[in-house]
Amino acid sequence: MSERASNRIFDILNVLIIIAAILVCLLPFVHIIAISLSSSRPIMSGLVTFFPREFTFEAYTKVFSDMSMIRSLGFTIMLTILATVLSMAMTIAVAYSLSKKELRGRKWFMLIIVVTMFFSGGIIPDYILIRNLHLLDTVWALVLPGLISPFYMIILISFFNSIPKSLEEAAEIDGTTHLGTLFRVILPLSLPSLATLSLFYAVGRWNGFQDALMYINRPDLYPLQLKLYQMIQNNQVSELMQQEGLGMAQLMPESLKAASVVFSTVPILIVYPFLQRYFISGMMAGAVKG
């Protein structure tokens with residue numbers, strides 16, 4: 001078999017594998033969308049696969065009429081923005097400092113941070129710490145514990161180290177301080193990495209519910225994922241739907257769950273197209289040291 005034919009077979013296999021991976025990721029979401037747009041009868045009969053049957057927006061009407069869902073959506077957006085901004089600020093500050101080889105104790109700082117990647121106090125000590133700090137039922141219980149990811153910080157250190165030192169030296173010759181060099185030279189050159197890490201932080205915070213499950217009891221501080229988790233686990237429905245009585249009996253809980261899943265997933269998906277141009281280059285950040 002010629003080399004050209006082998007390469008063609010290899011390319012076809014790669015395409016087939018990629019298509020299979022895309023379908024594995026995409027089809028469950030398409031199925032959820034189909035259920036959310038179907039009426040009760042075909043869902044109960046198991047007729048809904050990848051296309052809606054007896055098309056209806058009733059489940060979405062119920063979800064958008066539920067003020068507790070809207071409140072959780074607003075709180076989750078605020079929480080995600082707050083956590084992402086603070087996490088990026090802390091990660092940049094630590095990564096830039098540790099990228100300086102002249103920093104005294106740099107290796108010890110790195111060692112202390114890296115150790116946390118492999119060992120943690122555990123769930124119970126974490127809960128006791130949050131309780132003793134009087135952070136229970138506050139938004140800070142969802143922000144402070146995950147303020148810095150050591151893995152993301154190491155990625156950013158690698159990217160900062162890949163920036164030519166001559167640029168920083170030129171800025172210093174012009175009289176720029178370390179802070180000015182960071183904002184005027186380093187950060188503008190690091191946009192792909194910053195955009196990618198911001199996306200990782202935002203998605204992680206948006207999808208997180210375990211910490212809210214442990215630390216939050218106030219319904220007005222329920223993130224969207226926690227509310228969705230409770231709905232699925234306890235087969236609960238919204239307060240508005242409970243008040244409607246007969247209307248609830250006619251609507252399958254499965255369609256409500258599916259509509260809630262779509263409701264909680266779509267907002268974070270909207271962010272991806274805006275960061276796509278940075279994402280690929282950001283994923284390669286620090287992979288090759290120049």
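The values are calculated or read from the model by the stated rules, or taken from the named source; none is laboratory data. Remember, predicted model here, so these are calculated numbers, not experimental data. Every residue, glycine among them, receives a Cβ derived from its backbone with ideal geometry; neighbour counts consider all protein chains shown. The area values use the complete protein model at the heavy-atom level, side chains included, leaving out ligands, DNA and RNA. Shrake-Rupley method; radii C 1.70, N 1.55, O 1.52, S 1.80 Å.
Below, the figures for the structure above:
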| quantity | calculated |
| --- | --- |
| Ellipticity estimate at 222 nm from DSSP helix runs (n ≥ 4, -39,500 (n - 2.57)) divided over the chain, nearest 500 | -22500 deg cm²/dmol |
| Alpha carbon convex hull of the range 1-157, volume per residue in cubic angstrom | 253 |
| Whole-number accessible area per residue in Å² for the chain, which is evaluated in the context of all protein chains at 1.4 Å | 60 |
| Rounded tilt (10° steps) of 253-283 against the dominant C-alpha axis of the chain | 20 |
| Exposure ranking of 206, 108, 140 by accessible area [1.4 Å probe, largest first] | 108, 140, 206 |
| Accessible area of residue 254 in the full protein assembly, 1.4 Å probe (Å², nearest 10) | 80 |
| Projected label distance in nm at residue 65 and residue 167, using a 7 Å step from Cα toward the beta-carbon | 5.5 |
| Cβ-defined net charge surrounding residue 264, 15 Å radius [Lys, Arg +1; Asp, Glu -1] | +4 |
| Heavy-atom accessible surface of the chain: percent carbon and sulfur, 1.4 Å | 68 |
| Length released on extending from residue 104 to residue 11, taking residue separation times 0.36 nm less the Cα-Cα span | 28.4 nm |
| By accessible area with a 1.4 Å probe, ligands and nucleic acids excluded, highest first: order of 90, 69, 110 | 90, 110, 69 |
| Helix axis angle, 123-132 relative to the chain longest principal axis, alpha carbon, degrees | 80 |
| For the chain: relative contact order, % (alpha-carbon pairs under 8 angstrom, 6 or more apart) | 30 |
| For the range 42-106, size of Cβ-based charge dipole, Lys and Arg +1, Asp and Glu -1, in debye | 580 |
| C-alpha long axis of helix 191-207 to longest principal axis of the chain, angle in ° | 40 |
| Percent RCO, i.e. relative contact order, over the range 1-145, from Cα pairs under 8 Å lying at least 6 residues apart | 13 |
| Selected from 18, 92, 112 as most flexible by GNM, with the chain as the system and alpha-carbon contacts under 10 Å | 18 |
